[in-house]
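Reading through the C-alpha cells given below for one structure.
The values are calculated or read from the model by the stated rules, or taken from the named source; none is laboratory data. In this text, all values refer to a predicted model and were calculated from it rather than measured experimentally. All Cβ positions, even for glycine, are placed from backbone atoms using ideal geometry, and neighbour counts span all protein chains on display.
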Amino acid sequence: MKKDNKKVIYWLFTGCILIFIMVIVGGITRLTDSGLSISNYKLITGTIPPIGKAEWQEAFELYQQYPEFQKLHSHFTLEDFKGIYFWEWLHRVIGRLIGMVFIIPFIYFLITKQLTKKTIKKCIVLLILGGFQGFLGWYMVKSGLVDMPDVSHFRLAAHLTTAFLTFAATLWVALDLIYPKKKMVDKKFRNLIIVGYIILIFQIIYGAFVAGLKAGLLHNHWPLMNEGKFMHETVYILEPFYKNLIENPSGIQFIHRTFAYIVVIFILIIWYQAKKMVLTKHQNIAVDSLFVLVGIQFLLGVLTIIYQVPLWLGVAHQVGAFFLLSAMTFTLHRFSK
C-alpha cells in the first residue's frame, strides 16, 4: 500500500476541521462566560453530561462553591446554569473527539505501514501539541477557580495560541503530502513571509489578552480612542510602565488595535512583492487570499470594537484570525518548497 496516501491527507484535514470547530466553540464558551461552569475534570465520565434533576442539582451546587457564582452569577437559577454548562461541556467533548481522531487513525496507519518515517515524526509532534493544548485548557480553567471569577489572560493566550499553532502545524503536514515536489525558493521573499507570520502570531496573542481581560468593552470608538485621542491616558496609568503592556486592559487594547495596522501593511507588502514575481496558480491563490482576508479581518476588528463585542462579531473576529493564519500558513508553504 502506498505510503502518505490520500487517506492520510483526509485524516489530517479532518483534524484541521475539528480544531477549527473547537476554536469556534471555545470562542462562544468564552464570550458567554461558560468556561468555569464545570469545575471538576473527569476525562472519561465527564463526556456524559448530568442526567436527571439530581445530577444537575449536584453539578450546580459544585459550581456555587467557586468565585464565579459567588461574585458574578449568584442570581443564576438551575436553568441559567444549564445554559453555560452546555458550551463548556461541548468544548471539552470536541477536545476528546480530536484526541480520538488523531490517535486511533495514527495507530492504524502505523500498523498498516501507510506512513513514511518523516511523516511519523511530524505526526508525533502533532500529538504532543494536541496533548499540551489539552493540558493548557485544564491549567487555564484552574486559574479561575481560586480567588477571581476569571481565568488568567496569560493562560488563555497560551491555550488559544497553542490551538492556532496546532492547527497550522497539522495543515503544514497535510500540505507537505499534497505538494511533495520541491522547487526553487526565493529565500529573501520567504523570510519576509516568516516575519509576517511572527507579526500575525504576536497579534493573535494580544487578541487573546484583549479577550481575557475583556478589553474590547473599553474605548469603543474608531479610528481614535475615547475623547478623540489616538492614545487615551488610561493606556499608560500603571507603574512600572511595562505592566501597561501586559496587564492594563486599555494598554493591551491600544497595542492590539494599533498593531492591526502593522499586520495589514506587512501583508500588503507581501502581496505587492509577490505580484512582481512569476507565480504558480496556487501561489497566486495564496497571496490573493491573504490580501482579501486581512481586509475582512481588519473590518471585523473595527466593528467588534464599535459594537462592544456582541457574541456573533466576537466569534466572527476569532474565525477571521483563524482563516488569516491558515492563509499565511498556506502562503509560507507555497514559497518554502
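The residue that is surrounded by the most Cβ atoms within 10 Å (Cβ to Cβ), among those in region 249-262 that are touching a Phe, Trp or Tyr at 6+ places or on another chain (Cβ under 8 Å) and of a type outside the set (Gly, Ala, Ser), is Ile252. The set of residues from region 214-237 being within 28 Å of Ser152 (Cβ to Cβ) and modelled with pLDDT under 90 comprises just one member, Asn226.
When region 96-141 is filtered for residues that are among the basic types (Lys, Arg) and closer than 19 Å to Val25 by Cα, only Arg96 remains. When Ala211, Ala286, Ala274, Ala215 are checked against the criterion of being touching a residue at least 60 places away in the same chain (Cβ under 8 Å) and touching a Phe, Trp or Tyr at 6+ places or on another chain (Cβ under 9 Å), a single residue qualifies: Ala274. When region 127-147 is limited to residues that are touching a Phe, Trp or Tyr at 6+ places or on another chain (Cβ under 7 Å) and modelled with pLDDT of 85 or more, the one that is surrounded by the fewest Cβ atoms within 10 Å (Cβ to Cβ) turns out to be Leu127. Screening Phe241 on (1) touching a residue at least 40 places away in the same chain (Cβ under 8 Å); (2) loosely packed, with under 13 Cβ neighbours inside 10 Å shows it passes everything except condition (1).
Is it the case that Asp150 is at negative phi and buried (at least 18 other Cβ atoms within 10 Å of the Cβ)? Here the answer is yes, as Asp150 does meet what is asked. Of all residue pairs spaced 6 or more apart or on separate chains, those with beta-carbon atoms under 7 Å, a first member in region 115-126 that is assigned by TED's automatic domain parsing to the domain that holds Leu175 and surrounded by fewer than 18 Cβ atoms within 10 Å (Cβ to Cβ) and a second member that is outside any helix (DSSP H, G or I) and modelled with pLDDT under 95 are Thr116/Lys3; Thr116/Asp4. Looking at this structure, is Leu160 more than 25 Å from Ile265 (Cα to Cα), assigned by TED's automatic domain parsing to the domain that holds Val25, in contact (Cβ under 8 Å) with a residue 24 or more places away in the chain and in a helix (DSSP H, G or I)? Here the answer is no, as Leu160 does not meet what is asked. Within region 163-203, work out how many residues are within 12 Å of the chain's Cα centre (by Cα), surrounded by fewer than 20 Cβ atoms within 10 Å (Cβ to Cβ) and outside the structural domain of Leu325 (by TED's automatic domain parsing). So the answer is 1. Considering the conditions (1) under 30 Å from Lys118 (Cα atoms); (2) not in a helix (DSSP H, G or I), Gln65 is excluded by exactly one of them, (1). Condition test on Phe164, is it more than 22 Å from Tyr206 (Cα to Cα) and among the aromatic types (Phe, Trp, Tyr)? So Phe164 does not fit the description; no.
The number of residues in region 16-62 being farther than 24 Å from Leu217 by Cβ, modelled with pLDDT of 85 or more and part of a helix (DSSP H, G or I) comes to 17.
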